[in-house]
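Down below is the structure, laid out as structure tokens.
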Amino acid sequence: MPLPPPPVRPDPNHVPTERELREDLAAAYRLIALYGMTDLVFTHLSVRVPGDGHRFLVNPYGLLFEEITASSLVLVDAEGEPRQATSWPVNPAGFVIHSAVHMGREDAQCVMHTHTLAGMAVAAQQGGLLPLNQMSMEFEGRVALHDYEGIAADDNLSERERLVRDLGDRPCMILRHHGLLTVGRTVAEAFYWMWYLEQACRIQLMAQSSGAKLAIPPQEVVLRARAQFGTGPTKGWLPWQALKRKLDREQPDYRS
């Protein structure tokens, strides 16, 4: 198989079209499914569509993530109500967390929320995410915590405010007794944070399950390691290109 051409570094000022966003978000749904981070038909990934008003793309309620395509994504408003013709329902209550974050953070173009076993297990731990590995150290000071208040519902407007307050300007959040949440200026960035946050949770559970005493590096080492990871508007773009090439080979219908 010939090597693909090297990816062209994206223009950080590029405003993606709705079609580009549909394809990227559909790719993210397929990848979340491919790597075992789904909760049947529940949880959501969403992205803000440029233009006037508050409009977002989200999955139709009832489809498995592996079934999502670019054209099946539904355009909704800030309340999760469809703003396009659709034969599939949308779950407005399930969009509550996403709506709060999108509306409260201008840079939260994409919001991802998962209920993985590893994420929920760490969300049940008092100590939260520990800097046990190089992957984990990138998250030092970048993971917010939000206390559990019951199932997020559209009648609890005050929790929306607390969600946004607790998240602050960080890219990641652990929802206690619930799961994980990440945000990004692009789908690629939000997926990067979710992928590595999930890996950090899995590493933590495996290390804890060994029964051995855990080794926590000195804080100055943790902070140095964190600083060595790059940041910026193109965060995650390189692995994202490779992941989309994988989907183009194996699941090209995600673009349809």
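A few points about this structure:
- Test: residue in the range 174-182 that is under 15 Å from LEU145 (Cβ atoms), in contact with a Pro (Cβ under 7 Å, 6 or more places away or on another chain) and either at pLDDT 95 or above or assigned to a helix (DSSP H, G or I) (or both): yes
- Residue within the range 193-203 that is part of a loop (DSSP other than H, G, I, E, B) and of a type outside the set (Asp, Glu) present: no
- ILE174 falls short on exactly one of the conditions (1) over 16 Å from the mean Cα position of the chain (by Cα); (2) under 29 Å from ALA207 (Cα atoms); (3) surrounded by 15 or more Cβ atoms within 10 Å (Cβ to Cβ), and that condition is (1).
- Test: residue in the range 77-86 that is among the hydrophobic types (A, V, I, L, M, F, W, C), surrounded by 15 or more Cβ atoms within 10 Å (Cβ to Cβ), in contact (Cβ under 8 Å) with a residue 60 or more places away in the chain and touching a Ser or Thr at 6+ places or on another chain (Cβ under 8 Å): no
- Residues within the range 201-222 that are in contact with a Leu (Cβ under 6 Å, 6 or more places away or on another chain) and crowded, with 23+ Cβ neighbours inside 10 Å, tallied: 1
- When LYS244, LYS235 are screened for being surrounded by 12 or more Cβ atoms within 10 Å (Cβ to Cβ), modelled with pLDDT under 95 and touching an Asp or Glu at 6+ places or on another chain (Cβ under 9 Å), only LYS235 passes.
- Flag if ALA215 is assigned to a helix (DSSP H, G or I) and aliphatic (A, V, I, L, M): no
The values are calculated or read from the model by the stated rules, or taken from the named source; none is laboratory data. Keep in mind that this is a model prediction, so the values were computed, not measured. Backbone-built Cβ (ideal geometry, glycine too); neighbour counts: all protein chains shown.
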